[in-house]
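Any read-out appearing in this document is the output of simple, stated calculations on the displayed coordinates, not a laboratory observation. Remember, it's a predicted structure, so these values are computed and weren't measured experimentally. Counting neighbours? That spans all protein chains shown, and the Cβs are built from the backbone with ideal geometry, glycine included.
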Amino acid sequence: MPYSIKINAKYSLAILALSVSSLALNACSSEINAQNADRFATVEIKSEILADGVAILFGSGGNIGVSYGEDGTILIDDQYAPLSEKIQNAIKVLGADPANYVINTHWHGDHSGGNENFGKAGALIMAHDNVRLRMLGEQTSGRGNRPPAPKTALPAVTYADGVKMHLNGDEIHIIHIPTGHTDGDSIVHWKKANVIHMGDLYFNQVTLPFIDLSSGGNAKGFLVAAEKALSLANDETQIIPGHGPMATKADLMGYRDMLKEVIGVVGAAKKLGKSLEEVQAIKPAAQYDTNPNGFIKGDKFVEAVYKSL
Ligand SMILES: [Zn+2]
């Protein structure tokens, strides 16, 4: 039941009794202008408990995965800076401590925009090596350039292939997928809770895949990510997409099949020497381009696939 709030009554009572010191949540001024402030003022952070000690937060930007319990609170992504206080409140309502760790699934601002606030409040930020490199400002992106991130917003712990966290009674595997949405993507697998966070390697229903070529992305990495997640999943697995509602293994299989088909058609046409325009004219992704408000439309997706191959 996505987009609904389920609050454990026991927790909410406990929270009322707690006086949790509020975070010094200073908005990252470089990212906010008056228009943005208005935009975020109306955003509500909605939570859904997925398993014991695992929840998802929906707001504006990438979906946030939460692990919470006796060992503290881990956030997978942290949306935009102006939402940090609301996110921290939503965590409190879950009965969880303030965030101790933040994992960025990749560097885009709608997934890492809260880093400075959570970092200042004491969270250890972790991500793939390339996330830190891009946030240092050495690269630009198809999502728009950003100034170099301040030190407190940077991942302090980085990894090449992945890392395992043995916290809150679970094994949380953070797995790097090379060259997919960007060159610094991670997916996150809660082994015991049977939950997988896909980051932006999976947009569920909201748009066709966004392949950020200028951040080192490649269509083939999306297929690798989907296959990897499917190899870890069973029929009960709950899948958190980077954007959109919760998904099942069957949903992800459909997405994998779509990727396979489009990459196959575009690749075969390119091999025959067809130009990008000629391949776009075949409309290989038309039947999947179902959301008129999608951020990535068929032609743009096909262009990114073409350039990936
Ligand atoms: Zn992204």
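Any idea which of GLY109, GLY72, GLY113 is among the small types (Gly, Ala, Ser) and more than 14 Å from the chain's Cα centre (by Cα)?
Values: GLY109 fails: more than 14 Å from the chain's Cα centre (by Cα); GLY113 fails: more than 14 Å from the chain's Cα centre (by Cα).
Just one listed residue meets the conditions, GLY72.
For the stretch 255-309, give me the residue count where each residue is over 23 Å from ALA226 (Cα atoms) and small (Gly, Ala, Ser).
So the answer is 4.
Could you grab me the full set of residues in the stretch 98-124 that are out of contact with any Phe, Trp or Tyr (no Cβ under 7 Å at 6 or more places or on another chain) and away from the ligand (no atom under 16 Å from the Cβ)?
PRO98, ASN100, TYR101, GLU116, ASN117, PHE118, GLY119, LYS120, ALA121, GLY122
So that you can scan it fast, the table gives a plain yes or no per residue for (1) within 24 Å of ILE172 (Cα to Cα); (2) in contact with a helix residue (DSSP H, G or I) (Cβ under 8 Å, 6 or more places away or on another chain); (3) surrounded by 18 or more Cβ atoms within 10 Å (Cβ to Cβ):
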| position | (1), (2), (3) |
| --- | --- |
| VAL54 | yes, no, yes |
| GLY59 | yes, yes, yes |
| LEU83 | no, yes, yes |
| ALA90 | yes, no, yes |
| ASN104 | yes, yes, yes |
| GLY109 | yes, yes, yes |
| GLY119 | yes, yes, yes |
| ASP129 | yes, no, no |
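Of the residues ASN218, ASN204, which single one is within 16 Å of the ligand (Cβ to nearest atom), within 22 Å of ARG134 (Cβ to Cβ) and of a type outside the set (D, E, K, R)? Break it down into steps so the answer makes sense when it comes.
Details: ASN204 fails: within 22 Å of ARG134 (Cβ to Cβ).
Answer to the selection: ASN218.
Looking at this structure, is ASP183 among the charged types (D, E, K, R) and free of Cβ contacts under 8 Å to residues at least 40 places away in the same chain?
Numbers: among the charged types (D, E, K, R): yes; free of Cβ contacts under 8 Å to residues at least 40 places away in the same chain: no.
No, not satisfied.
When only residues in the stretch 187-201 that are of a type outside the set (A, V, I, L, M, F, W, C) and within 12 Å of the ligand (Cβ to nearest atom) count, which is farthest from ALA304 (Cα to Cα)?
Going residue by residue through the stretch 187-201, those that are of a type outside the set (A, V, I, L, M, F, W, C) are 189, 191-192, 194, 197, 199-200.
Imposing the further condition that a residue be within 12 Å of the ligand (Cβ to nearest atom) reduces the set to 199-200.
Values: GLY199: 19, ASP200: 15 Å.
Checking each candidate, the answer is GLY199.
Take PRO147 and decide whether it is surrounded by fewer than 24 Cβ atoms within 10 Å (Cβ to Cβ) and either of a type in the set (Phe, Trp, Tyr) or within 17 Å of SER308 (Cα to Cα) (or both).
Criteria not met by PRO147.
May I ask you to list the residues in the stretch 237-266 that are out of contact with any helix residue (DSSP H, G or I) (no Cβ under 8 Å at 6 or more places or on another chain) and of a type outside the set (A, V, I, L, M)?
Listed by number, the residues that qualify are GLN238, PRO241, GLY244, PRO245, THR248, ASP251, GLY254, ASP257, GLU261, GLY264.
For the stretch 268-280, state whether one or more residues are under 19 Å from THR105 (Cα atoms) and surrounded by fewer than 19 Cβ atoms within 10 Å (Cβ to Cβ).
No, the conditions are met nowhere in the stretch 268-280.
Looking only at the stretch 212-225, which residues are crowded, with 24+ Cβ neighbours inside 10 Å and farther than 17 Å from LEU252 by Cα?
GLY217
Do you know which residues across the stretch 104-123 are over 15 Å from GLY61 (Cα atoms) and touching a residue at least 40 places away in the same chain (Cβ under 8 Å)?
We begin by selecting, within the stretch 104-123, every residue over 15 Å from GLY61 (Cα atoms); these are 116-123.
Within the stretch 104-123, GLU116, ASN117, PHE118, LYS120, ALA121, ALA123 meet the criteria.
Name the one entry in TYR159, TYR80 that is under 23 Å from THR182 (Cα atoms) and away from the ligand (no atom under 16 Å from the Cβ).
Working: TYR80 fails: away from the ligand (no atom under 16 Å from the Cβ).
Residue meeting the stated conditions: TYR159.
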